[in-house]
Amino acid sequence: MCGRMTLTRSPVEIADFFEIAGGNGFALGARAGTEAESAAGSEAGTLAGPDGRPLRPRYNIAPSQPVLTILQDDRGERRFAWKRWGLVPAWAKDPGLGGKLFNARSETVAEKPSFHAAFKRSRCLVVADGFYEWTPRQQGHRAHWLHPRAGGLLALAGLHAHWAAERGPIVDSCTVLTTEANGDLAAIHARMPVLLPRASWRAWLDPARPPEALMALLAPAPDGTLAARAVSSHVNDPRRDDPDCLAEAASDDDRRAIRRELFRQRSATDVRFVGTCTVQLGPPGGAGVPFVLEHLRGPGSVVRLSGVLA
């Protein structure tokens, strides 16, 4: 599955990577899921965020939030558009259905009622520069950030839909297709998003291209496409959206050493985990390095630790 992603690049970097050159290719900001959003990519301006403000780095994009997509217009040109992450099919009675449809399995996308219409004629690219996956709970449920080994951005295979009620909101939404994990990811999670290489973008976005001709694109990316980095538990909470989400996690040895030192210097009586804080690691009086540390409620004062806990 793919349930979190990042997009930290600048508007110029994004437009250059996807070869949407010049001001006419930039998407003006509009609230994702609104009628204004649907036409945003065809207007001249500067690539802005979904709220119309300057695009800001996103470190923890979660389902139900706006994601940047690329569509193909009637002239065959690519344009940006903001979509709400979580597909709401046109026939849905309630737009809340999208909360369950932020991923679509590529193996069954052509048959599933929620996706088959969009797969036929409403395909898109979902723009990201990385995504998160977690190991299974029996393996510690550790978060990892996957990003392009060669740099640049990722084009995730997506589908989009337009939903409108007689009286109510208009919702433009999307989903991300998934496939089996490649060798870069297999030790972390069994699934990964479908990553489309540049050579396949035109075919994927062409609404006239028959879906059966596209099935070969829905394969795992070649091994070596992605680099993986274990990151701190800071990213687990979707309300956190800051650079600390990408902070490198401690090794198991570091975690054990910190916990031993923590409980050596503090009384363990009535100690409970209550959240996270940033602590300065290093020798007393030294510069140290700030890291996120699970902080505790209990007797004793804050102590300096010689490691990283995340």
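A few comments on the model shown:
Residues checked against (1) modelled with pLDDT of 95 or more; (2) more than 30 Å from ARG75 (Cβ to Cβ); (3) touching an Asp or Glu at 6+ places or on another chain (Cβ under 8 Å):
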| site | (1), (2), (3) |
| --- | --- |
| LEU205 | yes, no, no |
| GLU212 | no, no, no |
| SER232 | no, yes, yes |
| ASP244 | no, yes, no |
| ASP252 | no, yes, no |
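- The set of residues in the range 70-83 that are in contact with an Asp or Glu (Cβ under 9 Å, 6 or more places away or on another chain) and of a type outside the set (D, E, K, R) comprises GLN72, GLY76, ALA81, TRP82.
- Count - residues of the range 60-105 that are open to solvent by 20 Å² or more (accessible area, probe 1.4 Å), part of a strand (DSSP E or B) and either among the β-branched types (Val, Ile, Thr) or within 23 Å of ALA219 (Cα to Cα) (or both): 3
- One residue from THR179, THR175 being among the β-branched types (Val, Ile, Thr), in contact with a helix residue (DSSP H, G or I) (Cβ under 9 Å, 6 or more places away or on another chain) and open to solvent by less than 20 Å² (accessible area, probe 1.4 Å): THR175
- With respect to the conditions (1) touching a Phe, Trp or Tyr at 6+ places or on another chain (Cβ under 6 Å); (2) modelled with pLDDT of 95 or more; (3) within 22 Å of GLY158 (Cα to Cα), LEU226 falls short on a single one, namely (1).
- Check on HIS162, open to solvent by 40 Å² or more (accessible area, probe 1.4 Å), part of a strand (DSSP E or B) and touching a residue at least 40 places away in the same chain (Cβ under 8 Å): yes
- Residue under evaluation ILE188, criteria (1) touching an Asp or Glu at 6+ places or on another chain (Cβ under 9 Å); (2) at pLDDT 95 or above; (3) within 30 Å of ASP16 (Cα to Cα), criterion not met: (3)
- Residue satisfying all of: in the range 212-241; touching a Leu at 6+ places or on another chain (Cβ under 7 Å) and within 19 Å of THR135 (Cα to Cα); most open to solvent (accessible area, probe 1.4 Å) among these: ALA228
The values are calculated or read from the model by the stated rules, or taken from the named source; none is laboratory data. All of these numbers come straight from a predicted model, not from anything done at the bench. For neighbour counting, all protein chains shown are included, and Cβ atoms are generated from backbone atoms with ideal geometry for every residue, glycine included. Heads up: the accessible areas ignore ligands, DNA and RNA and are worked out on the full protein's heavy atoms, side chains in. Shrake-Rupley method; radii C 1.70, N 1.55, O 1.52, S 1.80 Å.
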